[in-house]
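Participant: Please see the structure below; I have some questions.
The values are calculated or read from the model by the stated rules, or taken from the named source; none is laboratory data. The structure presented is a predicted model; accordingly, all values stated were derived computationally and were not measured. So basically every Cβ, Gly included, is an ideal-geometry build from the backbone, and we count neighbours across all protein chains shown. For the accessible areas, the whole protein counts, side chains as well, though only heavy atoms, and no ligand, DNA or RNA atoms are used. Shrake-Rupley method; radii C 1.70, N 1.55, O 1.52, S 1.80 Å.
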Amino acid sequence: MRLGVNIPNFGPGTDPGMLRAWAQTGEGLGYDLLMVSDHVAVTPDVAAQYPAPFYEPFTALSWLAGATTRVRLGTTVLIVPYRHPLLTARMAANLAGLSGGRLVLGVGVGWAKQEFAALGVPFERRGALTDEYLATIRAAWADERDYRAGPIPLWIGGGSDAALRRAVRLGDAWHPLRFELPWLRDAVTRLKAFADAAGRPVPGLAPRIALRLTEKPLDERLAGEGTVEQVMGDLEQLRLLGAADVVLDPFTGDPEETRRPTAAWRALAAVADAWKTATEGKR
């Protein structure tokens, strides 16, 4: 099982140098994947959670591709209805080619009503548009050789039954975000049932979890919250559930954190060290 990091591409402390520092820190600690978020118009509903500056993901990942050598690069998640599907297919294929095949495309339907309105996209049709656009993107990659540079993994985000069915139909993996483990166990059962009903393979599992380390154990918590030992236990449970990739998200919601990344980097270093020790002991 490979570990990745969700890095902030937004907020008052974020600039090209900070993005590069995040990427090189993650790669230096041995993480396999770096992912960024997606917003196009920083409308008030977006700014309340992810204030400007907000670096568009394809642009930011292109910058980070040149600042790294090994680590994979991805979106968690690209909002599919925001862009014409042929534009998305082209940008993804170009980025995959320019980065040496390192792109992972995580996608979702979106949530920010004001941003949808600003972009002229009907919010109530976001699910149907996502299905239609993903089919077009896959067709473009398959039909025109210059659209793609090797396979681009497509991770489908979302926790609803519609998202699970979308992952079965169109995804290489299901990409749930920030959850408690009992919820995930039930959702994995539903995912397998939907795949069986459709006569299709069960997609892979590639969750994104919180990362918030505490000195004392927590009782009620999201996966990834608590002591290092609790987080290691969560990662082992995810491995047993079949996760091939797990993305750690150290952002706790305060935009001022983007000015002071060292606490997040220390947490990532602690998890990387503990994970290395745990996995080497099983070899």
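Participant: Please go through the range 44-78 and give me each residue that is within 25 Å of Asp131 (Cα to Cα), open to solvent by 10 Å² or more (accessible area, probe 1.4 Å) and not hydrophobic (A, V, I, L, M, F, W, C), ordered by number.
Facilitator: Scanning the range 44-78 gives Asp45, Glu56, Thr59.
Participant: Residue pairs, Cβ under 9 Å, 6 or more apart or interchain, first in the range 104-120 and assigned to a loop (DSSP other than H, G, I, E, B), second open to solvent by less than 10 Å² (accessible area, probe 1.4 Å) and among the polar types (S, T, N, Q). List them.
Facilitator: The qualifying pairs are Val109/Thr130; Gly110/Thr130.
Participant: Shifting gears a bit: Would you check which residues across the range 226-276 are among the β-branched types (Val, Ile, Thr), open to solvent by 30 Å² or more (accessible area, probe 1.4 Å) and under 20 Å from Glu27 (Cβ atoms) and list them?
Facilitator: Thr262
Participant: Next question. Quick check on my filter: what residues within the range 28-43 are touching a strand residue (DSSP E or B) at 6+ places or on another chain (Cβ under 6 Å) and either surrounded by 20 or more Cβ atoms within 10 Å (Cβ to Cβ) or within 20 Å of Ala173 (Cα to Cα) (or both)?
Facilitator: Of everything in the range 28-43, those that are touching a strand residue (DSSP E or B) at 6+ places or on another chain (Cβ under 6 Å) and either surrounded by 20 or more Cβ atoms within 10 Å (Cβ to Cβ) or within 20 Å of Ala173 (Cα to Cα) (or both) turn out to be Tyr31, Asp32, Leu33, Leu34, Met35, Asp38, His39.
Participant: Separate question: Only one of (1) part of a loop (DSSP other than H, G, I, E, B); (2) out of contact with any Phe, Trp or Tyr (no Cβ under 9 Å at 6 or more places or on another chain); (3) surrounded by 14 or more Cβ atoms within 10 Å (Cβ to Cβ) is not met by Leu129, so which one is it?
Facilitator: Only one criterion is unmet by Leu129, namely (1).
Participant: Considering the range 242-262 alone, what residues qualify as being touching a residue at least 12 places away in the same chain (Cβ under 8 Å) and more than 23 Å from Arg72 (Cα to Cα)?
Facilitator: Within the range 242-262, Thr252, Gly253, Pro255, Glu256, Glu257, Arg259, Arg260 meet the criteria.
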